Amino acid sequence: MAEATTGLDLGAAAALLAAGVLAVPVFKRIGLGSVLGYLAAGLAIGPFGLKLFREPETILHVAEFGVVIFLFIIGLEMRPKRLWGLRKEIFGLGAAQVLFCGLILTLTAMLAGFSAPVAFVGAMGFVLSSTAVIMQMLEERGEIAGGPGQRAVSILLLEDLAIVPLLAIVAVLASVLGVANEQAPPLWQTVGFAVAAVGGVLLAGKYLVNPVFRLLAQYGGREVMTAAALLVVVGAAWAMSLGGLSMAMGAFLAGVLLSESTFRHQLEADVEPFRAILLGLFFLSVGMSLDVSVVVADWRLVLGGVVAFMLVKGVGIYFVARLFKASHHEAV
């Protein structure tokens, strides 16, 4: 009989687990958090470290599912009424942060000598924060349910929604500058797909998922319920990706729609084990994907640009937070 696994595969798995097990407790002990621990461990064992892994993208594609599941679980804890109560923070605080920080970062890049289109694209990319990293940090600190945590979640949700209009603006800029992809779909089609994807997830979550789960609870086994829970997460993420939106946004919406379901606690228990291990793998694979040679080759531009953008964005976020009546401590 053919062997199902090889020594190399087991060695790779052991290296991944060992890297996380060794690095994460150390980084948490010194107060830097588990995310930096995973990133550092991934960098150490990746192509630019010990070279134990040559193609981290393969792991990254699978591990991204951990971020999707994480946002689904966050959505399960967010009732629709609670989300509606955050509408001012999402479309007020979130939009103000994206627009104001995007403006001042664009001006900063232009002052550094970049053209307006390049400055805008770079600035808006820097404005969009990592949902996975920030959510993980908030969860570790137990701050997601609090007021500051909810406002942070609101900003992240608006940033995910901002992806479609930002991509549309980039497409328009490319067309104006004569570098547009002729095979790219028209703008109305991109927006239409995004709206259809959101509508499809909302309708399925409201009218289809609960009846299906009731049927499975009556006639299916535990493993079928687990498979169905994963199907909901994957289906919502896939629908959003087809519409050009964030997969994490789709999973979050699916979680919100199921947050008042009688199966909420079972869904959370079924997908939680997958979330924990895959999220760790995601951060490890991101660390493995870091190209240190690029940083070394342009270290002045990278170091100066990152520090300058962080300072400008920090001042911008502080100003917007204070404008929306946040305390000095929270704004900082």
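With respect to (1) touching a residue at least 60 places away in the same chain (Cβ under 8 Å); (2) of a type in the set (A, V, I, L, M, F, W, C); (3) over 15 Å from ARG151 (Cα atoms), the lone exception for PHE91 is condition (3). Go through the residues of the range 245-256 one by one and say whether even a single one is farther than 23 Å from LEU138 by Cα and either buried (at least 17 other Cβ atoms within 10 Å of the Cβ) or touching a Lys or Arg at 6+ places or on another chain (Cβ under 8 Å) (or both). Checked against the condition, which is being farther than 23 Å from LEU138 by Cα and either buried (at least 17 other Cβ atoms within 10 Å of the Cβ) or touching a Lys or Arg at 6+ places or on another chain (Cβ under 8 Å) (or both), the range 245-256 yields at least one hit. The condition of being hydroxyl-bearing (Ser, Thr, Tyr) and within 26 Å of PRO56 (Cα to Cα) holds for only one of SER259, SER289, that being SER289.
Would you call VAL98 loosely packed, with under 14 Cβ neighbours inside 10 Å and either among the aliphatic types (A, V, I, L, M) or within 24 Å of ALA308 (Cα to Cα) (or both)? Break it down stepwise before answering.
On the way: loosely packed, with under 14 Cβ neighbours inside 10 Å: no; either among the aliphatic types (A, V, I, L, M) or within 24 Å of ALA308 (Cα to Cα) (or both): yes.
For VAL98, the condition - loosely packed, with under 14 Cβ neighbours inside 10 Å and either among the aliphatic types (A, V, I, L, M) or within 24 Å of ALA308 (Cα to Cα) (or both) - is not met.
Considering the range 267-296, the residues that are acidic (Asp, Glu) and in a helix (DSSP H, G or I) include one that is farthest from ALA248 (Cα to Cα), namely ASP270. Counting only helices (runs of 4 or more DSSP H) wholly contained in the range 6-77, the ones carrying 3 or more residues that are open to solvent by less than 30 Å² (accessible area, probe 1.4 Å), farther than 13 Å from GLY287 by Cα and in contact with a Leu (Cβ under 8 Å, 6 or more places away or on another chain) occupy 56-76. Within the range 269-300, the set of residues being in contact (Cβ under 8 Å) with a residue 40 or more places away in the chain and over 19 Å from the mean Cα position of the chain (by Cα) comprises ASP270, ASP291, VAL292, SER293.
Confirm whether PHE252 is more than 20 Å from the chain's Cα centre (by Cα) and farther than 30 Å from ARG54 by Cα.
On the way: more than 20 Å from the chain's Cα centre (by Cα): no; farther than 30 Å from ARG54 by Cα: yes.
For PHE252, the condition - more than 20 Å from the chain's Cα centre (by Cα) and farther than 30 Å from ARG54 by Cα - is not met.
Looking at the range 112-124, is at least one residue at negative phi, assigned to a loop (DSSP other than H, G, I, E, B) and touching a helix residue (DSSP H, G or I) at 6+ places or on another chain (Cβ under 6 Å)? Checked the range 112-124: no residue is at negative phi, assigned to a loop (DSSP other than H, G, I, E, B) and touching a helix residue (DSSP H, G or I) at 6+ places or on another chain (Cβ under 6 Å).
It is to be established whether one or more residues within the range 116-137 are more than 29 Å from GLY304 (Cβ to Cβ), open to solvent by less than 40 Å² (accessible area, probe 1.4 Å) and either within 18 Å of the chain's Cα centre (by Cα) or without any contact (Cβ under 8 Å) to a residue 40 or more places away in the chain (or both). Reasoning before the result, please.
Here is the first cut: in the range 116-137, the residues more than 29 Å from GLY304 (Cβ to Cβ) are 135.
Still in the running and open to solvent by less than 40 Å² (accessible area, probe 1.4 Å): 135.
Filter once more, so that each one left must be either within 18 Å of the chain's Cα centre (by Cα) or without any contact (Cβ under 8 Å) to a residue 40 or more places away in the chain (or both): 135.
Checked against the condition, which is being more than 29 Å from GLY304 (Cβ to Cβ), open to solvent by less than 40 Å² (accessible area, probe 1.4 Å) and either within 18 Å of the chain's Cα centre (by Cα) or without any contact (Cβ under 8 Å) to a residue 40 or more places away in the chain (or both), the range 116-137 yields at least one hit.
The requirement of being crowded, with 20+ Cβ neighbours inside 10 Å, at pLDDT 75 or above and part of a helix (DSSP H, G or I) is not satisfied by LEU231. In the range 265-279, is there at least one residue being open to solvent by 10 Å² or more (accessible area, probe 1.4 Å) and more than 29 Å from LEU17 (Cα to Cα)? Checked the range 265-279: no residue is open to solvent by 10 Å² or more (accessible area, probe 1.4 Å) and more than 29 Å from LEU17 (Cα to Cα).
Starting from residues that are assigned to a loop (DSSP other than H, G, I, E, B) and over 17 Å from PHE114 (Cα atoms), keep the ones in the range 297-332 and report whichever is most open to solvent (accessible area, probe 1.4 Å).
LYS325
Can you tell me how many residues within the range 125-149 are part of a helix (DSSP H, G or I) and under 24 Å from LEU36 (Cβ atoms)?
First pass over the range 125-149, keeping only residues part of a helix (DSSP H, G or I): 125-127, 131-141, 147-149.
If we keep only those that are under 24 Å from LEU36 (Cβ atoms) as well, we get 125-127, 131-141, 148-149.
Of the residues in that region, 16 qualify.
Among the conditions (1) among the aliphatic types (A, V, I, L, M); (2) under 25 Å from ALA297 (Cβ atoms); (3) touching a Ser or Thr at 6+ places or on another chain (Cβ under 6 Å), VAL118 misses just one, which is (3). Report yes if ARG87 is of a type in the set (Lys, Arg) and either touching a helix residue (DSSP H, G or I) at 6+ places or on another chain (Cβ under 8 Å) or within 19 Å of ILE277 (Cβ to Cβ) (or both), otherwise no. In short, no. Within the set SER289, SER259, the sole residue that is within 13 Å of PHE72 (Cβ to Cβ), surrounded by fewer than 24 Cβ atoms within 10 Å (Cβ to Cβ) and of a type in the set (Ser, Thr, Tyr) turns out to be SER259.
The values are calculated or read from the model by the stated rules, or taken from the named source; none is laboratory data. Bear in mind the structure is a predicted one, so any value in this text is a computation, not a measurement. Ideal geometry is used to build each Cβ from the backbone, glycine not excepted, and the neighbour counts take in all protein chains shown. Calculation scope for accessible area: heavy atoms of the full protein, side chains included, ligands and nucleic acids excluded. Shrake-Rupley method; radii C 1.70, N 1.55, O 1.52, S 1.80 Å.
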